[in-house]
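Student: Before I ask anything, let me first share the structure, which is written out below as structure tokens.
The values are calculated or read from the model by the stated rules, or taken from the named source; none is laboratory data. Just so you know, these numbers come straight off a predicted model, no measurement behind them. Using ideal geometry, Cβ is built from the backbone for each residue, glycine included, and neighbour counts are taken over all protein chains shown. Side chains are part of the model used for accessible areas, which takes the heavy atoms of the whole protein and leaves out ligands, DNA and RNA. Shrake-Rupley method; radii C 1.70, N 1.55, O 1.52, S 1.80 Å.
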Amino acid sequence: MTTSTQATHRTRLTPEQRRSQLLDLGVRLLATRSLDELSIDLLAEEAGISRGLLYHYFGNKHDFHEAVVRRAADDLIAQTAPPAEGEPMVRLVASLAAYLDYVVANHEGYLSLVKAAAGGNETLREIYEEARSALNGRVFREDAQGEIIPDTPATRLVVRGWSAMTEELVLSWIADPSGLTREQLLDVLATSLLAIVETVPEA
């Protein structure tokens with residue numbers, strides 16, 4: 001066995017590694033097209049493999065879409081994680097900035113997820129709700145720097161409404177950014193959370 005052949009065997013991907021690689025490619029493709037436009041044929045062409053091999057990894061188109069959306073949601077959660085250090089509001093603004101940048105960079109795919117969550121696909125709705133819950137939960141995290149807002153049933157309810165407003169503002173701003181600069185938008189998002197929470201009666 002030659003050295004080059006040995007190297008080929010050493011770098012051969014396992015089925016799980018290959019599936020993960022295909023999911024990463026699917027997420028990149030989803031950034032600039034809707035979920036309906038993300039077909040098995042497109043991914044197979046981009047990956048340079050047969051449709052049959054893709055069906056081997058994902059079963060069918062619906063399973064493929066759900067797997068790609070779940071990977072995209074995981075990426076969203078990871079990429080918008082607030083810094084480990086710093087004042088609570090500084091961490092919040094950093095996380096909001098990362099969220100805004102993510103939605104800008106992955107606009108078509110994110111919009112597809114929002115629309116799918118509002119539609120009849122329960123699995124995609126569950127993925128969407130899990131991601132939103134993870135993002136919302138960050139404002140209640142308490143550590144050495146303190147918590148952003150107190151964790152109560154009332155504030156949980158308010159934060160859920162605020163996050164829906166945040167999503168709508170970000171999507172509307174991307175469609176027409178003429179009203180606010182990026183920095184002004186982030187300031188509105190961060191300060192509106194505190195303003196809304198201040199209206200919540202004390203327990």
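Student: So residue 10 clears everything in (1) over 27 Å from the mean Cα position of the chain (by Cα); (2) modelled with pLDDT of 90 or more except one condition, right? Which one?
Tutor: (2)
Student: Give me the residue from region 169-203 that is part of a loop (DSSP other than H, G, I, E, B) and either open to solvent by 70 Å² or more (accessible area, probe 1.4 Å) or closer than 15 Å to residue 157 by Cα (or both) and, out of that set, modelled with the lowest pLDDT. Walk me through how you get there before you give the answer.
Tutor: Kept after step one, since they are part of a loop (DSSP other than H, G, I, E, B), are these residues of region 169-203: 176-181, 198-203.
Those still in the list that are either open to solvent by 70 Å² or more (accessible area, probe 1.4 Å) or closer than 15 Å to residue 157 by Cα (or both) too: 176, 178, 198-203.
Values: 176: 95, 178: 92, 198: 90, 199: 91, 200: 89, 201: 86, 202: 77, 203: 63.
Looking at residues that are part of a loop (DSSP other than H, G, I, E, B) and either open to solvent by 70 Å² or more (accessible area, probe 1.4 Å) or closer than 15 Å to residue 157 by Cα (or both), I get 203.
Student: Looking at (1) modelled with pLDDT of 90 or more; (2) touching a helix residue (DSSP H, G or I) at 6+ places or on another chain (Cβ under 7 Å); (3) within 26 Å of residue 167 (Cα to Cα), which one does residue 46 not meet, given that it meets all the others?
Tutor: For residue 46, the failing item is (3).
Student: Please count how many residues of region 22-38 are of a type outside the set (Asp, Glu) and either surrounded by fewer than 12 Cβ atoms within 10 Å (Cβ to Cβ) or free of Cβ contacts under 8 Å to residues at least 12 places away in the same chain (or both). Explain how you work it out, then say what you get.
Tutor: Narrowing region 22-38 to residues of a type outside the set (Asp, Glu): 22-23, 25-35, 38.
Then keep just the ones that are either surrounded by fewer than 12 Cβ atoms within 10 Å (Cβ to Cβ) or free of Cβ contacts under 8 Å to residues at least 12 places away in the same chain (or both); that gives 28.
Adding up the residues that qualify gives 1.
Student: Of the residues that sit in region 44-67 and are charged (D, E, K, R) and closer than 24 Å to residue 120 by Cβ, which one is most open to solvent (accessible area, probe 1.4 Å)?
Tutor: Restricting attention to region 44-67, the residues satisfying the condition of being charged (D, E, K, R) are 45-46, 51, 61, 63, 66.
From the residues that got through so far, the ones that are closer than 24 Å to residue 120 by Cβ too are 61, 63, 66.
Values: 61: 90, 63: 67, 66: 45 Å².
Checked region 44-67; the qualifying residue most open to solvent (accessible area, probe 1.4 Å) is 61.
Student: Of everything in region 26-42, what is out of contact with any helix residue (DSSP H, G or I) (no Cβ under 6 Å at 6 or more places or on another chain) and among the aliphatic types (A, V, I, L, M)? Give them in sequence order. Steps first, please.
Tutor: Of the residues in region 26-42, the ones out of contact with any helix residue (DSSP H, G or I) (no Cβ under 6 Å at 6 or more places or on another chain) are 28-29, 36-37, 39, 41-42.
Hits for region 26-42 are 29, 42.
Student: Just the residues that are closer than 17 Å to residue 167 by Cα and at pLDDT below 85, please, taken from region 76-118.
Tutor: Let us first name the residues in region 76-118 that are closer than 17 Å to residue 167 by Cα, namely 76-77, 79-81, 92-118.
Listed by number, the residues that qualify are 116, 117, 118.
Student: A further question follows. Collect the residues in region 103-114 that are part of a helix (DSSP H, G or I) and under 30 Å from residue 51 (Cβ atoms), keeping them in residue-number order.
Tutor: Residues satisfying the conditions are 105, 107, 108, 109, 110, 111, 112, 113, 114.
Student: Looking at (1) assigned to a helix (DSSP H, G or I); (2) under 21 Å from the mean Cα position of the chain (by Cα), which is the only condition residue 120 fails?
Tutor: Here residue 120 meets the rest and fails (1).
Student: Next question, about the same structure. Select, from 41, 74, the only residue that is on the phi < 0 side of the Ramachandran plot, loosely packed, with under 13 Cβ neighbours inside 10 Å, among the acidic types (Asp, Glu) and part of a helix (DSSP H, G or I).
Tutor: 41
Student: Tell me, which residue of region 78-94 that is more than 18 Å from residue 189 (Cα to Cα) and either part of a helix (DSSP H, G or I) or in contact (Cβ under 8 Å) with a residue 60 or more places away in the chain (or both) is most open to solvent (accessible area, probe 1.4 Å)?
Tutor: Per the criteria, the residue is 85.
A quick yes/no check of all residues on (1) touching a helix residue (DSSP H, G or I) at 6+ places or on another chain (Cβ under 7 Å); (2) free of Cβ contacts under 8 Å to residues at least 40 places away in the same chain:
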{"position": "119", "(1), (2)": "no, yes"}
{"position": "138", "(1), (2)": "yes, no"}
{"position": "158", "(1), (2)": "yes, no"}
{"position": "163", "(1), (2)": "yes, yes"}
{"position": "185", "(1), (2)": "yes, no"}
{"position": "191", "(1), (2)": "no, yes"}
{"position": "196", "(1), (2)": "yes, yes"}
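Student: Go through (1) without any contact (Cβ under 8 Å) to a residue 24 or more places away in the chain; (2) at positive phi for residue 12 and report which single condition fails.
Tutor: (2)
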